[in-house]
Every structure is written in C-alpha cells, then in structure tokens.
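Q: Here it is, the structure in full.
The values are calculated or read from the model by the stated rules, or taken from the named source; none is laboratory data. Computed from a predicted structure; not experimentally measured. Here the Cβ positions follow ideal geometry from the backbone for every residue, glycine too, while neighbour counts run over all protein chains shown.
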Amino acid sequence: MHLIPLQPPSESQARSGGDVTLHPSAVVAAGALILAEADSRVAIAAGACIGMGAVLHAVGGEIVVAAGANLGAGVLIVGTGRIGSNACIGAATTILNPAVGDGEMVPPGSLITGSTPARA
Amino acid sequence: MHLIPLQPPSESQARSGGDVTLHPSAVVAAGALILAEADSRVAIAAGACIGMGAVLHAVGGEIVVAAGANLGAGVLIVGTGRIGSNACIGAATTILNPAVGDGEMVPPGSLITGSTPARA
Amino acid sequence: MAVRGLAAPPTPWSKELATPQIDPSTYVHASSDIIGDVRIGKNVHIAPGVSIRADEGSPFFIGDNSNVQDAVVIHGLEKGRVAGDDKSLYSVWIGNNVSITHMALIHGPAYVGDDCFIGFRSTVFNARLGKGCVVMMHVLIQDVEIPDGKYIAAGSIITTQQQADRLPDALSIDLQFASHIIGINDALRA
C-alpha cells in the first residue's frame, strides 16, 4: 500500500494553525501541534519551552503559556486557560481548561479536568 | 504508572494509506500514521488534532475521530469504533475498538481493550 | 515558530553500515526504515512506519514467518549481545513465527524466542524471552530471562528474576487472543 503524505514537508517539525503568538525566545520541540480555533488564540510567552509532541488546542477562548513555563513531551492542553509563569507540566500530562498557578509543578502522566487533579 | 517513552518523530510528515478522509481543518502532527485496510476506512472530522507519532489503524470497519477530538502524542487506535467529539485521549494511550464518548477524557498511558480474555 | 534542534540527528557512521539481508519473499513497506546488519528470513511482514536500526548494536536477526506491525522500533545498545539459536552473537534475535505488534519496542540486547507474541506498546530490553511466550499490552520486560511458554499480563513490569520465575503459563485462551490480534494485520500481507 502506498502511503500518501498528509501534509507537505516543512522545515520545522512543529505545526501551528490559527491565531498563535510565540515569543521569539520561546522554544518549541519537534512534533508539537499548536492549534487555535477560529474564535480562539494561543499565546506563548518569553522563555517558555514546549516539549516534543505536545498538543495545545485552544477552543472557546485563549490558552496562555506564561513566561518561563515548561511543558514536557506529549503534554495535551485543550480548551481555554493559563499555564502560570515558570510552571512545570510533567511529560504526557493531559489538562482540560488549565488553571496552573505560577511556579506550580504538575506530575508527569497526570489527568486534570476542571480543577480536580487525578493521577492516571 | 509506567510511562512509556515517546519516540521522536522519525520524519516530519504524517502518512496515510487506504481510505482515509481528513477534514481540511483537522491537523496531524509529525510522524503520525493513519492506515485503513482494504475493507475499512478512517474519517477525521473538523478541528480534530492528531498528536505526534499517533497510529490509527482501521480493521474491519471504520474509525471515526469526531469533530474537535484530541489525540495526544503516541496514541494507538486499532480496530473499528469512534472517538467522540471534543474527547481528549492522553498521550501514549492504546485503545482497541474505541467507544469513547463525546467530551470524554482518557488519562495518558491508558490501555483500553474491550475484548481481552478473562483468565481463570 | 522557533524550532531549535533535531530530535534525532542523523548518525554520521550510517554510510559504513552493512546492508540488510532480506529474503525476497519478505514484504517490507516502503515507509519502513531498515539499516545496518539486519538479517530477515522468509515470509516476514514489515508494516508501515517500522524502524529497524542496527546502527549501534548489531547484528539483528528476524526469523521466518514473523510479523512486525506498524510503528515498531527495533534497536540495540552498542554493547551487550545475546546468543541466537545458531549460537552466534546478536544484538537482537527474533525467532520464527513471532508477532511484534503495534508500537512495541525491542531493544537489544534482547532475545525473543520462536512463536512469541508481543502486545501493543510493550518493551523488551536487555532480556531473554523463551519460546511461545504471550506478552500482553503495555508491558515492560527488562533485565530478566523468562522461561518458555509464559504469560505476561497487560501492564506488567517485569524487572527482577524473581518476578520472571513466578509468571504463569500461557493458556490456549491467551494464544487465541494473540492470533486474533495477529489476524488484524494479516490483510496487509496480501
């Protein structure tokens, strides 16, 4: 079976779509996907690090990743909300409508929906 | 929980084979693989996000990823079934024959196989 | 968008690697990546997105009628070898009639005996897996030797020999489940 490429190859292995603002000093690893729906936006502040394969999908408002925040590999952030400055989100964590405080540490592999953290 | 390491994307493209329908507003990250066998199909609806290195492999019917659904990095979906609209599947999750409801949140690293045999 | 650095830099020594030896009856999908001294037997199926890289540890052996499903990774540490059934040393030995299912990772030094089944996303690293074992999904097998015909339940983490010695035997129901999963990929073979 012939495999059809779904997208044209691009120099960067990260992809973004919609209203996405990335500070020049923020870094995004390979395979990340940052998508803002028509009525929504994503803003990534200075010095933020977005790990390999992370997915940020803004729906119904804005996702803000504040200055110096760190998202590990495979993190999935959906909805609308804020990741506080210098916060650390461990790898493979899933967060719906984030409300992560400044400097807060979220363990890897967490599932956070609403404000109730649950360990997988 | 044993966190399964995510593989870095082997290539910047996602690939598909067989009868795969991707809505123009859906996005697919690097290294994803979307395969439909001869008698099967995959349909990915508007605004869906397919994370880095995810594998969707339809066998014996259709895999539907409904509108706005989010699959984290490294998610594996095999068989036939549906991922509901706006559902979130945490990174590195495996699902055989999915039946994920609308808006449902699946923790990262989950293993969901309906038909695993019971042992005495 | 600022993207800095590559996740996987190209290996500078790739050009000096041996060429894989693949039997003409074996199917290798065009999107799969096989490099280095990899010896693949008859009627093997290598599905899309598979990565078999004998660029550090080598050689690798994959026996007749084995099946390597989508997005499997086979790689080896530079040091550490296992004895294959031919008594030679290998980084990775995979016997005959073995099924390595979607997203599994076989990382040498590793020996996987004939007729084994490795479930979705399971990892075998620095381990020896006897013949006819059924490894279910999301399993980690590391630093152990597992006797023939054992069953390793989904989600197990088997990293001590004491655990390995206490594993239950695989039952016919486990083998039936394994063949059901293998059947899922057989259509691609045609």
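Q: Scan (1) crowded, with 24+ Cβ neighbours inside 10 Å; (2) at pLDDT 95 or above for the single condition A:MET52 breaks and write down its number.
A: Here A:MET52 clears every test but (2).
Q: Further question on the same structure: Run C:LYS15 past the list (1) buried (at least 19 other Cβ atoms within 10 Å of the Cβ); (2) at pLDDT below 95; (3) not in a loop (DSSP other than H, G, I, E, B) and report the number of the one that doesn't hold.
A: It fails just one condition, (1).
Q: Being closer than 19 Å to C:GLY76 by Cα and assigned to a strand (DSSP E or B) is the filter here, so list the residues in the range C:28-47 that pass it.
A: Answer for the range C:28-47, where residues must be closer than 19 Å to C:GLY76 by Cα and assigned to a strand (DSSP E or B): C:ASP33, C:ILE34, C:ILE35, C:GLY36, C:VAL38, C:ARG39, C:ILE40, C:ILE46.
Q: Still on this structure: Looking only at the range C:99-155, count every residue that is surrounded by fewer than 24 Cβ atoms within 10 Å (Cβ to Cβ), in a loop (DSSP other than H, G, I, E, B) and on the phi > 0 side of the Ramachandran plot and tell me the total.
A: 5
Q: Restricting to strands (runs of 3 or more DSSP E) lying wholly in the range A:19-120: which have 3 or more residues that are under 24 Å from B:THR93 (Cα atoms)?
A: On the way: elements: A:19-22, A:33-36, A:41-44, A:55-65, A:76-83, A:94-96, A:110-113, A:116-119.
Correct list: A:33-36, A:55-65, A:76-83, A:94-96, A:110-113, A:116-119.
Q: Would you mind telling me which numbered condition in (1) facing chain A (nearest Cβ under 9 Å); (2) under 15 Å from the mean Cα position of the chain (by Cα); (3) surrounded by fewer than 19 Cβ atoms within 10 Å (Cβ to Cβ) B:ALA73 fails?
A: Answer for B:ALA73: the failing condition is (3).
Q: Is it the case that some residue within the range C:109-121 is in contact (Cβ under 8 Å) with a residue 60 or more places away in the chain and under 20 Å from C:VAL82 (Cα atoms)?
A: Scanning the range C:109-121, I find at least one residue that is in contact (Cβ under 8 Å) with a residue 60 or more places away in the chain and under 20 Å from C:VAL82 (Cα atoms), so the answer is yes.
Q: Just to check your reading of the model, which residue among B:LEU56, B:LEU22, B:LEU71 is at negative phi and in contact with a Cys (Cβ under 8 Å, 6 or more places away or on another chain)?
A: Details: B:LEU56 fails: in contact with a Cys (Cβ under 8 Å, 6 or more places away or on another chain); B:LEU22 fails: in contact with a Cys (Cβ under 8 Å, 6 or more places away or on another chain).
After ruling out the rest, the residue left standing is B:LEU71.
Q: Something else about it: Answer yes or no as to whether C:ILE74 is within 14 Å of chain B (Cβ to nearest Cβ), farther than 23 Å from C:PRO24 by Cα, aliphatic (A, V, I, L, M) and not in a loop (DSSP other than H, G, I, E, B). If you could, list the steps in order and put the result at the bottom.
A: Working: within 14 Å of chain B (Cβ to nearest Cβ): yes; farther than 23 Å from C:PRO24 by Cα: no; aliphatic (A, V, I, L, M): yes; not in a loop (DSSP other than H, G, I, E, B): yes.
Spelling it out, it is not the case that C:ILE74 is within 14 Å of chain B (Cβ to nearest Cβ), farther than 23 Å from C:PRO24 by Cα, aliphatic (A, V, I, L, M) and not in a loop (DSSP other than H, G, I, E, B).
Q: Then there is this: Kindly indicate the residue of the range B:99-120 that is away from chain A (no Cβ under 13 Å) and at pLDDT below 95 and also surrounded by the most Cβ atoms within 10 Å (Cβ to Cβ) among those meeting that condition.
A: B:THR113
Q: Go through the range C:151-171 residue by residue and tally those that are touching a Ser or Thr at 6+ places or on another chain (Cβ under 9 Å) and farther than 21 Å from C:THR101 by Cβ.
A: Looking only at that region, the number is 1.
Q: Out of (1) crowded, with 24+ Cβ neighbours inside 10 Å; (2) facing chain A (nearest Cβ under 8 Å), the odd one out for B:PRO8 is which?
A: (1)
Q: Taking the range A:68-92 only, how many residues are more than 21 Å from B:ASN70 (Cα to Cα) and in contact (Cβ under 8 Å) with a residue 24 or more places away in the chain? Talk me through it step by step, then tell me what you get.
A: As a first pass, look at the range A:68-92 and keep what is more than 21 Å from B:ASN70 (Cα to Cα): A:68-69, A:84-88.
If we keep only those that are in contact (Cβ under 8 Å) with a residue 24 or more places away in the chain as well, we get A:69, A:85.
Qualifying residue count for the region: 2.
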